[in-house]
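Just below is one structure, and these are the notes that go with it.
The values are calculated or read from the model by the stated rules, or taken from the named source; none is laboratory data. Only a predicted model underlies this, so the values are computations on that prediction, with no experimental measurement involved. Cβ sites come from the backbone with ideal geometry, for glycine too, and all protein chains shown count toward neighbours. When the accessible area is computed, the model is the full protein with side chains, heavy atoms only, and any ligands, DNA or RNA have been set aside. Shrake-Rupley method; radii C 1.70, N 1.55, O 1.52, S 1.80 Å.
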Amino acid sequence: ELDFSAFMFNQDLEYLDLSHNNIWTAYCQLLARLRHLDLSFNKFTVLPICQEFGIMFHLEYLGLSAMMIRRSDFRYVAHLQLDTVFLTLEDFSLYEPLSLTALNTRSLHIVFATNQNFNFSLLYDGMSTSEKLKIVNLRYTLSHKDFPSPSLELQKKIKATDLMLDTVDLEWTVILQIFLLVWDSSVEHLTVRNLIFRGPVEELTEYKHVPLLRSLEQLLSLGSSMKALTLERVRNKLYYFNQEILYRQFSEMNIDSLTIHDACMPHMLCPKKPSSFQYINFSRNALTDELFQNCDTLANLKLLILHRNKFESLSKVSFMTSRMKSLRYLDMSSNLLRNSRAEGRCQWADSLKELDLSSNQLTEAVFECLPANINKVDLQNNQIASVPKGITELHSLQELNLASNRLADLPGCRAFTGLEILNIERNLILTPSADFFETCPSVKELQAGQNPFKCSCELQDFLRLERQSGGKLSGWPEAYVCKYPEDLSGTQLKDFHLTELACNTTLLLVTALLLTLVLVAVVAFLCIYLDVPWYVRMLWQWTQTKRRAWHDCPEERETALQFHAFISYSERDSLWVKNELIPNLEKGEGCIQLCQHERNFIPGKSIVENIINCIEKSYKSIFVLSPNFVQSEWCHYELYFAHHRLFSENSNSLILILLEPIPSYVIPARYHKLKALMAKRTYLEWPKERSKHALFWANLRAAVNIKLPTSFETDEEQSDVTSTSSITQRLIT
């Protein structure tokens with residue numbers, strides 16, 4: 001139950017939808033501002049129209065439901081000017097003729113019961129009631145001989161201009177009679193959706209029980225108010241019928257627009273005489289290349305839509321249009337079109353301006369089969385890998401869609417000098433050419449997004465092109481995203497940046513060369529300043545000496561200490577060494593054994609080898625430092641090898657005696673080790689006061705005093721024998 005008093009406090013209510021409920025009775029209350037009231041799909045037995053509805057002057061939409069309709073049911077709303085009346089008639093049992101004519105509405109929508117034979121009086125009265133009539137569920141299982149035809153008086157009162165019949169299940173003969181009724185009426189647009197027709201399909205010989213003096217196709221070829229016929233989703237229950245009868249009835253219609261959509265239609269006949277068709281839509285059918293071949297009667301046709309059929313030959317399609325002198329738009333999308341040079345040249349209608357060839361199987365050879373005067377071509381979702389050079393120039397082409405193909409780069413515009421809009425989205429373009437706008441100066445919009453861009457140096461030029469294009473890249477920046485390399489995948493191109501040095505090969509080579517030269521210069525300077533070659537030579541000699549000692553004297557591999565200290569000094573300081581250093585260390589207590597080159601160098605060996613052997617056989621190495629020391633090359637050798645032992649054996653074997661002060665400017669640059677030793681290690685300074693000499697010798701003796709192995713203490717005589725030859729070798733050197 002519905003009591004409108006529930007809305008008594010909602011006096012501003014304008015929209016009220018109570019459809020799809022189980023309401024069977026209503027108690028009315030005035031809702032003065034109501035514009036939309038929907039009570040459809042409920043359980044009312046009679047139409048729930050109350051007296052209060054008559055003063056709802058703002059009401060525009062009225063939805064009702066009932067099981068019966070009587071003329072008196074509309075008495076309270078007959079004076080209202082409604083925009084739409086929506087009636088749902090479930091379990092319908094009674095209709096009083098002419099009841100709907102009491103309504104004053106621009107649009108009438110009736111949903112009849114799905115399991116009952118349709119009451120055609122609703123159709124006839126509805127056509128006389130409103131300008132737009134839509135009826136759902138026209139089902140009639142009785143014989144066409146029992147079909148109730150409208151009276152002549154009622155046919156004269158028809159004022160509908162737009163009629164839509166949805167979910168229709170009728171015999172073909174009944175459909176033709178309804179069609180003839182519409183043909184003779186004021187209806188301009190007839191749409192039939194979800195149509196199922198039954199047999200038999202045969203010529204109509206009588207109408208309203210009166211024999212036809214002319215054939216049906218002759219009647220349909222005569223002029224009428226009808227402008228457009230639309231049939232959508234048509235199915236038949238016949239296994240065999242004369243298709244020519246059916247096709248001829250459609251092809252001979254004298255109307256402007258014909259649409260037969262999703263009807264599984266395999267063919268259509270060419271009109272016998274010049275046709276008035278300006279618009280034909282045969283999409284989602286089973287039409288083939290044989291359609292309208294050699295057809296001269298479609299000279300007025302301007303738009304032809306053959307989307308989703310079974311066309312295969314592009315050249316045959318072109319010949320089909322060659323005699324359509326007014327054709328401007330052709331849609332051949334979602335077919336099976338292929339093209340090859342073996343098919344021969346194409347011949348299109350000269351008037352054709354727009355061509356849709358998307359979603360086919362076309363390759364780059366299609367550019368040799370395009371209309372010369374075409375303005376707009378859609379070739380998306382094909383198998384085009386490139387735009388060939390040397391194709392026929394299409395000077396009139398303004399818009400070209402090559403999206404979803406296999407292009408690897410932006411096409412040039414040599415053959416499309418007037419191109420303004422280019423779409424190459426969803427191709428295989430990694431790095432677009434940067435000179436595109438130079439070769440295509442007339443392009444105003446480029447759609448190049450959703451490609452697998454490779455973010456590299458080559459892409460930098462394209463990014464500069466975008467900044468200079470003035471907004472010609474459509475979809476920027478959202479549709480332009482890096483695909484490769486993987487670490488940049490998902491990055492928008494606007495956020496991708498590389499330095500000029502990384503991308504300019506010449507600049508990179510020059511920079512690398514300059515850096516190399518600078519590095520070489522720095523290394524050369526350091527080598528010269530630090531005397532690196534000298535150290536390398538010393539390291540090589542030390543390595544060679546150790547190698548020879550390893551191979552030539554296996555018994556000396558485990559070297560034992562023979563001396564307490566090795567003395568390194570300049571020949572100019574030899575008097576102090578011989579008169580002061582040696583006597584005070586060797587003649588004193590402890591029997592200190594000193595290694596001196598004049599006494600202990602072995603004849604026949606190189607000086608370097610003798611130096612290394614003496615240093616390794618000595619517990620300490622004493623260096624007598626003075627300005628003379630830093631000027632001696634051999635002293636430098638000895639210091640180098642001793643310092644090398646210091647680090648290689650991790651020993652504390654160096655003793656530095658500063659005989660005379662050494663100014664820093666006197667020490668050569670290559671003596672950086674000497675500088676480091678003097679800065680980090682404690683050294684003994686030879687005192688000038690004689691009173692301090694005893695302390696000096698005590699400290700030095702304590703630094704070198706160690707008990708040597710006894711085997712070498714007994715070899716003093718052998719050492720004395722070799723001293724003479726050592727002196728001779730040193731003098732010769």
**OP:** Filter the stretch 374-385 for residues that are closer than 17 Å to residue 440 by Cβ and either open to solvent by 50 Å² or more (accessible area, probe 1.4 Å) or among the hydroxyl-bearing types (Ser, Thr, Tyr) (or both) and give the result.
**Re:** 376
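Among the listed residues 412, 418, identify the single one that is of a type outside the set (Phe, Trp, Tyr) and either out of contact with any His (no Cβ under 8 Å at 6 or more places or on another chain) or not in a loop (DSSP other than H, G, I, E, B) (or both).
On the way: 418 fails: either out of contact with any His (no Cβ under 8 Å at 6 or more places or on another chain) or not in a loop (DSSP other than H, G, I, E, B) (or both).
After ruling out the rest, the residue left standing is 412.
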Original post:
In this structure, is residue 558 at pLDDT 85 or above, open to solvent by 30 Å² or more (accessible area, probe 1.4 Å) and of a type in the set (D, E, K, R)?
Top reply: no
Original post:
Consider residue 592 against the criteria (1) modelled with pLDDT under 85; (2) open to solvent by 30 Å² or more (accessible area, probe 1.4 Å); (3) touching a helix residue (DSSP H, G or I) at 6+ places or on another chain (Cβ under 7 Å); (4) not in a helix (DSSP H, G or I): it satisfies all of them except one. Which criterion is unmet?
Top reply: (2)
Original post:
Going through the stretch 48-77 one residue at a time, which ones are of a type in the set (Gly, Ala, Ser) and under 23 Å from residue 21 (Cα atoms)?
Top reply: 63, 65, 66
**OP:** Hey, can you tell me all the residues within the stretch 257-289 that are open to solvent by 60 Å² or more (accessible area, probe 1.4 Å) and modelled with pLDDT of 95 or more?
**Re:** 278, 279, 284
Subject >> Qualifying residue in the stretch 489-508 (condition: at pLDDT 90 or above, open to solvent by 90 Å² or more (accessible area, probe 1.4 Å) and part of a loop (DSSP other than H, G, I, E, B)) >> reply: no
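Yes/no matrix, rows are residues, columns are (1) touching a helix residue (DSSP H, G or I) at 6+ places or on another chain (Cβ under 7 Å); (2) of a type in the set (Ser, Thr, Tyr); (3) open to solvent by 20 Å² or more (accessible area, probe 1.4 Å); (4) under 22 Å from residue 496 (Cα atoms):
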site	(1), (2), (3), (4)
413	yes, no, no, no
425	no, no, yes, yes
434	yes, no, yes, yes
445	no, no, yes, no
453	yes, no, no, yes
457	yes, no, yes, yes
461	no, no, yes, yes
464	no, no, yes, yes
467	no, no, yes, yes
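With the requirement that a residue be open to solvent by 20 Å² or more (accessible area, probe 1.4 Å) and out of contact with any His (no Cβ under 7 Å at 6 or more places or on another chain), what does the stretch 609-636 give you? Even if it seems obvious, please write down each step before you answer.
Looking only at the stretch 609-636, we keep the residues that are open to solvent by 20 Å² or more (accessible area, probe 1.4 Å), and these are 609, 613, 616-617, 619-620, 627-628, 631-634.
If the condition is that a residue be open to solvent by 20 Å² or more (accessible area, probe 1.4 Å) and out of contact with any His (no Cβ under 7 Å at 6 or more places or on another chain), then 609, 613, 616, 617, 627, 628, 631, 632, 633, 634 are the ones that fit.
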**OP:** Quickly run through the stretch 320-336 and pick out the residues that are under 37 Å from the mean Cα position of the chain (by Cα) and either exposed (fewer than 15 other Cβ atoms within 10 Å of the Cβ) or closer than 29 Å to residue 274 by Cα (or both).
**Re:** 328, 329, 330, 331, 332, 333, 335, 336
Original post:
Can you tell me which residue in the stretch 82-107 is nearest to residue 58 (Cα to Cα), limited to those that are open to solvent by 10 Å² or more (accessible area, probe 1.4 Å) and assigned to a helix (DSSP H, G or I)?
Top reply: 102
Original post:
Can you pull out the residues in the stretch 386-410 that are open to solvent by 10 Å² or more (accessible area, probe 1.4 Å) and of a type outside the set (S, T, N, Q)?
Top reply: 387, 388, 389, 390, 391, 393, 395, 399, 406, 408, 409, 410
**OP:** May I ask you to list the residues in the stretch 351-373 that are touching a residue at least 24 places away in the same chain (Cβ under 8 Å), surrounded by fewer than 21 Cβ atoms within 10 Å (Cβ to Cβ) and more than 19 Å from residue 283 (Cβ to Cβ)?
**Re:** 351, 353, 363, 364, 365, 368, 372
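Residue-by-condition table, conditions (1) without any contact (Cβ under 8 Å) to a residue 60 or more places away in the chain; (2) open to solvent by 30 Å² or more (accessible area, probe 1.4 Å); (3) assigned to a loop (DSSP other than H, G, I, E, B):
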site: 6; (1), (2), (3): yes, yes, no
site: 20; (1), (2), (3): yes, yes, yes
site: 23; (1), (2), (3): yes, no, yes
site: 37; (1), (2), (3): yes, no, no
site: 42; (1), (2), (3): yes, no, yes
site: 53; (1), (2), (3): yes, no, no
site: 59; (1), (2), (3): yes, no, yes
site: 62; (1), (2), (3): yes, no, no
site: 109; (1), (2), (3): yes, yes, no
**OP:** Output the residues belonging to the stretch 562-589 that are assigned to a helix (DSSP H, G or I) and either touching a helix residue (DSSP H, G or I) at 6+ places or on another chain (Cβ under 7 Å) or without any contact (Cβ under 8 Å) to a residue 12 or more places away in the chain (or both).
**Re:** 572, 573, 574, 575, 578, 579, 580, 583, 584, 585, 586
